[in-house]
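Asks: To start, I am sharing the structure in question, which I have written as structure tokens.
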Amino acid sequence: MAELKKTPLYEEHIAAGARMVEFSGWLMPVQYTGIIEEHQQVRNCAGLFDVSHMGEIVIKGPEAFNLVQKLITNDAARATGDRVIYSPMCYPDGGVVDDLLVYPRGESEYLLVVNAGNIDKDFAWIRENTAGLKVEVSNISPATAQLAIQGPLALAILQPLTNVELAPLGYYRWTRGRVLGVDCLISRTGYTGEDGFEIYFNADNAPAMWHQLLAAGREAGLVLAGLGARDTLRLEAAMPLYGHELGPAISPLEAGLGRFVCLEKGEFNGRAALAAQKEAGIKRRLVGLAMVDRGIPRPGYPVLAGGREIGYVTSGSYAPTLGKNIALALVAAGTVSAGAEVEVSIRSRLHRAVVVDLPFYRRTKK
């Protein structure tokens, strides 16, 4: 078995009393004081996450745009100036290699931020698609740290620590600046459903940055938050997780991500398969479930309607903000709609749930 990877902040997590778990080949903090407490603090104040396990891949060269356009389902032409775009990256059959963020970094250069468990696979896939193109592809993940400050007070906490004005920075926009004297890429993005920022910088500066950010924000209520809270936060916001709502056997259209599939932009990996799937009618779709009976719906649990199995749970958990158990489920299209009652088979016992609109949670300005 391969040795588990560690972020540059591993020792800091241990010192902070984090409970460490394996996640996508990494040793990561799942919680510090408790998932529910950390979750609520992010919703009401702010949390600091170590997301340095995420991957960073740079594509540059005269034909960098052409490669990115071929790789992703979204339109790379939208990634201009300070605009970040989200996109699935597909195989020719329409299955998903990964979902990622695309940052334009000057002329003929892009930064792709990919999921931790897919770094090596993605890097190999991208290089496999470079034939005949004048590009260079490099994996800068080992040298890059990434921290996320998420929550309604993220702006107030981070602004005094940087030399750039953050308030004008819109959602899914980025800028270059210095945070606590360190050169950073600062992005108004996140994976929690709250306002916040993700900052990228040289991994050598990670421990000092971590401690100084936490110290600067502690009085305002900034707390350390682990992957457990990150998962419940993103689930409430109905954000997909690769390997659950997306994967080689689940297309972006089935996952409800059609707005990120730009068929009209021209050829790209998976276009023909996705166009055919759309024309024939999507056979499965992602829905939200709110449990009526007690029980937590876990990934893989069958979902039934009228006594017939119609799909399965992709993600499920207790939702601290809502005070109830919720799930995302991939079900046969046309079988249920919002308000319909279904059943989830939990350890061979049927538990009632109701189909609800997504997202489960939508932030309001606090």
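The values are calculated or read from the model by the stated rules, or taken from the named source; none is laboratory data. What you are looking at is a predicted structure, and each value in this text was computed from that prediction instead of being measured. Here the Cβ positions follow ideal geometry from the backbone for every residue, glycine too, while neighbour counts run over all protein chains shown. All accessible areas refer to the heavy atoms of the entire protein, side chains included, with ligands and DNA or RNA removed. Shrake-Rupley method; radii C 1.70, N 1.55, O 1.52, S 1.80 Å.
Asks: Roughly how many Å² of residue 358 are accessible to a 1.4 Å probe, to the nearest 10?
Replies: Rounded to the nearest 10, that gives 70 Å².
Asks: Here's a follow-up. Which value in nm describes the separation of the simple spin-label points at residue 21 and residue 105, placed 7 Å from the Cα toward the beta carbon?
Replies: Calculated label separation equals 3.2 nm.
Asks: Between residue 178 and residue 212, what is the label-point separation in nm under the 7 Å Cα-to-beta-carbon projection?
Replies: Once both label points are built, they end up 0.9 nm from each other.
Asks: Also, I was wondering about something else. What whole-number value in cubic angstrom gives the convex hull volume per residue for the C-alpha atoms of the chain?
Replies: Cα-based convex hull of the chain, divided per residue, equals 143 Å³.
Asks: At a probe radius of 1.4 Å, what is the per-residue accessible area of residue 343, in Å² to the nearest 10?
Replies: Answer for residue 343: close to 60 Å² accessible.
Asks: Within segment 70-86, name every residue whose backbone N is under 14 Å away from a label modeled 7 Å from Cα of residue 121 along the Cβ vector.
Replies: Answer for this model: none.
Asks: Right, something else. At what distance in nm do the modelled label points of residue 134 and residue 354 sit from each other, each positioned 7 Å from its Cα along Cα→Cβ?
Replies: Each label point is offset 7 Å from its Cα along the Cβ direction, giving 6.1 nm.
Asks: How about residue 121: which lysines have a C-alpha closer than 20 Å to its C-alpha, ignoring those fewer than 8 places off in the same chain?
Replies: Result set, ordered by chain and number: 5, 6, 60, 70.
Asks: Follow-up. Kindly list the residues of segment 258-297 that lie in the label zone of residue 318, defined by a backbone N under 13 Å from the point 7 Å along the Cα-to-C-beta vector.
Replies: Those under the cut-off are 294-297.
Asks: Pulled fully out, how much extra length does the chain show between residue 202 and residue 159, if you take 0.36 nm times their separation in residues and subtract their Cα-Cα distance?
Replies: On the way: separation 43, 0.36 × 43 = 15.48 nm, distance 2.01 nm.
Taking 0.36 nm per residue and subtracting the Cα distance, the gain is 13.5 nm.
Asks: For n ≥ 4 DSSP H runs only, could you compute -39500 (n - 2.57) per run for the chain, divide by its residues and tell me the 222 nm figure to the nearest 500?
Replies: On the way: 8 runs with 71 residues, N = 366.
The helix contribution divided over the chain gives -5500 deg cm²/dmol.
Asks: Which whole-number value in Å² is the accessible area per residue of segment 1-87, probe 1.4 Å? Display every interim value, and only then the final one.
Replies: On the way: 3600 Å² over 87 residues.
That works out to 41 Å² for each residue.
Asks: I would also like to ask the following. Run the numbers for residue 220 and residue 167: contour at 0.36 nm per residue of separation, minus the present Cα-Cα distance, in nm. List each step's numbers first, then the result.
Replies: Working: separation 53, 0.36 × 53 = 19.08 nm, distance 1.79 nm.
Net length gain for the segment: 17.3 nm.
Asks: Can you give the extra length, in nm with one decimal, that the chain gains between residue 278 and residue 77 once fully stretched, where that is 0.36 nm per residue apart less the Cα-Cα distance?
Replies: Numbers: separation 201, 0.36 × 201 = 72.36 nm, distance 2.28 nm.
Roughly 70.1 nm would be gained on extension.
Asks: Next up: How many percent of Cα pairs in segment 171-295 exceed 22 Å?
Replies: Details: 4387 of 7750 pairs.
Pairs farther apart than 22 Å: 57 percent.
Asks: Once you wrap a convex hull around the alpha carbon atoms of segment 283-356, what is its projected area averaged over all directions, in nm²? Can you show the working numbers first?
Replies: Values: hull surface 17.0 nm².
Computed as one quarter of the Cα hull surface, the answer is 4.3 nm².
Asks: With 28 Å as the cut-off, how large is the P(r) tail for segment 1-141, expressed as percent of Cα-Cα pairs? Show your work: numbers first, answer last.
Replies: Numbers: 3081 of 9870 pairs.
Counting every Cα pair in segment 1-141, those more than 28 Å apart make up 31 percent.
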